Amino acid sequence: MFMLRVIAAGALVAWGGLAASVIPGDARRGEQLFQTEQCVQCHSVKGKGGVLAPDLARRVDRDFTPAVMASLMWNHAPDMWAAMKDRGVAKGSLTPEKAADLFAYFVSARYFEKPGDAARGKQAFAARRCADCHGIASSPVAAAPPVAKWESLADPVVLAQQMWNHGARMRSEFSKKKLAWATITAQELTDMLVYLQNLPETRNLATNFVFAPSDSGEKLFESKGCAGCHTGKRALDVLLKNQTLTEIAVDMWNHQPAMKSPPPPLSQEEMRQILSYIWARQYFRGDGNADRGKKVFSEKNCARCHNEGGAPKLGKGKDAYSDITMVSALWDHGPRMLELMKEKKLAWPRFTATQMSDLIAYLNSL
């Protein structure tokens, strides 16, 4: 199973001037929680587990962000609780730290990655001239490692690191052959990875990867010269908004020809630190609108209980709200909330991902 340790959800950043504490999510703990909290009774991951609910590693939708995850869990919570009751599954507690671990586990299972197609990937591998140098078991070019030895197939961080370091040499090779730089799309790389990961020669590659918390990522980002260009509208928080690790690897590859000087090489550990810094910041950062969120708070009848009905006042905590804290609050307090809403004859509120982000922004503005 993939192993990931991320700086989780919006806890990394501050909204509306509120400073949030860092919640380190650990996929290994998340995988254990998935078992001990009996999520596996209904859900499966890559075919392992129950069939009553969707497989969390086989998604058919696109743009599946943490906000989408939070909104789906919220919308389907009453049905989940009913199904758990019917199956005799006890509902455990879900602290923000546990929720962060579960989010990390979902990321490690590539729940937030886009789906790919192996047939398209095979075509793209040839069309982008990758096969000119890289063979599967052996390569036509001696200096080009065959795909069967690509550890990057199992580790998206190594993938980004090798694509980054490989770029300067590739530019030279393309120039010698008088070929234009082979830009690729995120979908093409995703398709190629699905194709290459499922070859007989590569199926036994290790599938664990570690994504350490960013202790020195910001300092590395500055020392490598990245911060000198990526400011303002070119800030990576903006450019990489809601992008997966695969999409970031594509951007790093396509960015090579535009750089004025050869990019500084990065070790695997340096890439882990930098990606942990920039990826967690942009991927889990809320981008909701507080004004719209205020309307959501009213229209979804939140104010009926939290402002007028005796339920706890929201927006008064010391930590920022995020997708993770919303899921945690839902799981621990939702069943009682559902009972009270039934007594008041109020419909259970359902949110789109945008509405969830807007609501979070509003709560953080209070």
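Every number here is computed from the coordinates shown, using simple stated rules; none is lab data. For clarity, every value in this text was computed on a predicted model and none was experimentally measured. Neighbour counts are summed over all protein chains in view; Cβ atoms, including those assigned to glycine, are modelled from backbone coordinates with ideal geometry.
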Net charge contributed by nearby residues that have their C-beta within less than 12 Å of Pro349 (K/R +1, D/E -1):
+2
Cα-based Kirkwood hydrodynamic radius, region 63-172, one decimal, Å
18.0 Å
Past the 19 Å Cα-Cα mark, which pairs from Lys300/Lys345; Lys241/Lys295; Lys300/Lys344; Lys295/Lys344?
Lys241/Lys295; Lys295/Lys344
I'd like to compare 38-44, 270-276, 49-55: which one has the highest average count of other Cβ atoms within 10 Å, and what's the full order after that?
270-276, 38-44, 49-55
Residue span Ser216 to Lys241: 0.36 nm per residue of separation minus Cα-Cα distance leaves a gain in nm of 6.9 nm
Multiply the residue separation of Asp332 and Ala137 by 0.36 nm, subtract the distance between their alpha-carbon atoms, and state the gained length in nm to one decimal.
65.1 nm
What's the FRET efficiency of Ser175 with Asn289 using the Cβ-Cβ distance as r and R₀ = 35 Å, to the nearest 0.05?
0.15
Net charge near Tyr195: determine it from the other residues with C-beta under 13 Å of the C-beta of Tyr195, scoring Lys and Arg +1 and Asp and Glu -1.
0
Calculate log10 I(q)/I(0) of region 72-130 for q = 0.20, 0.23 Å⁻¹, where I(q) comes from the Debye formula with a single equal point scatterer on each Cα and nothing for solvent.
-0.92, -1.05
How much length, in nm to one decimal, is gained on full extension between Ala311 and Trp348, taken as 0.36 nm per residue of separation minus their Cα-Cα distance?
11.8 nm
Signed unit charges on C-beta, dipole axis of region 81-210, positive-most listed residue Leu196, Gln161, Gly121:
Gly121
Cβ under 13 Å from Asp132's Cβ, Asp132 left aside: what net charge do those residues give with Lys, Arg +1 and Asp, Glu -1?
+3
Charged-residue dipole, Cβ positions (Lys, Arg, Asp, Glu), region 215-260 about Cα centre, Debye nearest 20:
220 debye
